[in-house]
Amino acid sequence: MKKIALLFLIFICLVSCQKTHDESFAGTDISSVHMDTSFKLRDFNGRTRTLEDFKGKVVVLFFGFTHCPDICPTTMTDLKKTMNLLKDKASGVQVIFITLDPARDTEDVLKKFIPTFNSSFLGLTGSESEIDKVTTQFKIFYKKVNDGSKAGYTIDHSAGLYVIDKNGSVKLHISNGEKPEDIASDLEKLI
């Protein structure tokens, strides 16, 4: 009888400790980290936007710049593929690109660049101090680096995606280079 009771107790422990499929993500669950996700920036149509505007949708934030030679266009292409994989569920996701280069990434530049990936994607900009505030909140590293080009500089920056749930709370950090199939799987669980 003791062996049966012990086996039953072990079984209960194993079952209760096991994660369900819906609880596992390819990205890192950072929902326990307190993070100020508020922002007030302009979109490429000149409209002031806050995170509140997107309540009820899963929001994917990406910080980059339009003159980026590799990481930014690759990430945006991956997000385009992700939205295609989501099909009808893609309407429950809002991808937002926040520029790290407000001097060059004007509303007009963002308006030409961002929709080439997906017409639903938004590009946001603001003053340098507004961008600094948001990057500090999201722990984004970025720094102008003289590169000798015509523009005179490039920007070194951290890469990755922040996923905000439908209630406006930060949920996931997805590392740069994650496969669109895995990103889509994570987003689908939150839609």
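The values are calculated or read from the model by the stated rules, or taken from the named source; none is laboratory data. Everything numeric in this text was worked out from a predicted model, so none of it was measured. Glycine also receives a Cβ, built like all others from the backbone with ideal geometry; neighbour counts cover every protein chain displayed. For accessibility, only protein heavy atoms count, side chains too; no ligands or nucleic acids. Shrake-Rupley method; radii C 1.70, N 1.55, O 1.52, S 1.80 Å.
Only Cα pairs under 8 Å and at least 6 apart count here; give the relative contact order of the chain as a rounded whole percent. Spell out each step's value before the answer.
Working: 304 pairs, mean separation 59.1, N = 191.
After rounding, I find 31 percent.
Work out, step by step, the length gained on full extension between Lys144 and Arg47: first 0.36 nm times the residue separation, then minus their alpha carbon distance; give nm to one decimal.
Values: separation 97, 0.36 × 97 = 34.92 nm, distance 2.70 nm.
Gain on extension, Lys144 to Arg47, equals 32.2 nm.
When the accessible area of the chain is split by element with a 1.4 Å probe, what percent falls to carbon and sulfur?
On the way: 5850 of 10680 Å².
For the chain, the apolar C and S fraction of the accessible surface comes to 55 percent.
Residue separation times 0.36 nm, minus the C-alpha to C-alpha distance between Asp156 and Glu188: what's the value? Don't skip to the end; give the middle numbers.
Values: separation 32, 0.36 × 32 = 11.52 nm, distance 3.11 nm.
Result for the pair: 8.4 nm of gain on full extension.
Can you list the HN-Hα couplings for the range 103-112, worked out from phi with the Karplus curve (6.51, -1.76, 1.60; θ = phi - 60°), rounded to whole Hz and with x for Gly and Pro?
5, 9, 8, 6, 4, 5, 5, 4, 5, 7
Quick one: 3J(HN,Hα) in Hz for the range 93-98, Karplus 6.51/-1.76/1.60 with θ = phi - 60°, rounded, Gly and Pro as x.
10, 10, 8, 10, 9, 9
Could you tell me what a quarter of the Cα convex hull surface of the chain works out to, in nm² with one decimal place?
Numbers: hull surface 53.0 nm².
Hull-based average projected area comes out at 13.3 nm².
Assuming 0.36 nm per residue, please report the length gained on full extension of the stretch Ala26 to Glu107 beyond their Cα-Cα distance. Provide the component values of the computation, followed by the final result.
Details: separation 81, 0.36 × 81 = 29.16 nm, distance 3.31 nm.
Extending this stretch completely gives an extra 25.8 nm.
Per residue, how large is the accessible surface of the range 20-105? Use a 1.4 angstrom probe and give square angstrom. Display every interim value, and only then the final one.
Numbers: 4130 Å² over 86 residues.
Ligands and nucleic acids excluded, the result is 48 Å² per residue.
Can you tell me the order of 113-125, 40-52 when each peptide is scored by its average per-residue count of other Cβ atoms within 10 angstrom, highest first? All intermediate terms of the calculation are to be shown ahead of the outcome.
Values: 113-125: 19.2, 40-52: 15.0.
Result, highest mean Cβ count within 10 Å first: 113-125, 40-52.
Name the residues whose placed amide hydrogens come within less than 5 Å of the amide hydrogen of Ala26, ignoring near sequence neighbours (fewer than 5 apart) on the same chain.
Amide H neighbours of Ala26: Asp186.
Using only Cα atoms, tell me the angle between helix 2-17 and the longest principal axis of the chain; keep it within 0 to 90° and round to the nearest 10.
For helix 2-17, the angle is close to 10 degrees.
Convert each backbone phi in the range 143-151 into a coupling constant with the Karplus relation 6.51 cos²θ - 1.76 cosθ + 1.60 (shift: θ = phi - 60°), then list the ³J(HN,Hα) values in order as whole Hz, x for Gly and Pro.
With the stated coefficients, the range 143-151 comes to 7, 5, 10, 5, 10, x, 7, 4, 6 Hz.
Taking the Cα atoms only, what angle lies between the long axis of helix 180-190 and the longest principal axis of the chain, rounded to 10 degrees?
Tilt of helix 180-190: around 70 degrees.
Taking amide H atoms as placed 1.01 Å from N in the peptide plane, list the residues 5 or more away in sequence, or in a different chain, whose amide H sits under 5 Å from that of Leu41.
Amide H neighbours of Leu41: Arg49.
Report the equivalent ellipsoid semi-axes for the range 41-145 in whole Å, largest first, defined as the square roots of five times the eigenvalues of the gyration tensor built from alpha carbon atoms.
Values: eigenvalues 89, 50, 34 Å².
So the equivalent ellipsoid measures 21, 16, 13 Å along its semi-axes.
Beyond 17 Å, what share of the Cα-Cα pairs of the range 124-191 remains, rounded to the nearest whole percent? Don't jump to the answer; show the numbers that get you there.
Working: 1325 of 2278 pairs.
Every Cα pair in the range 124-191 considered, those over 17 Å come to 58 percent.
Per-residue ellipticity at 222 nm for the chain, helices alone: DSSP H runs ≥ 4 residues times -39500 (n - 2.57), over residue total, nearest 500 deg cm²/dmol?
The per-residue figure over the chain is -10000 deg cm²/dmol.
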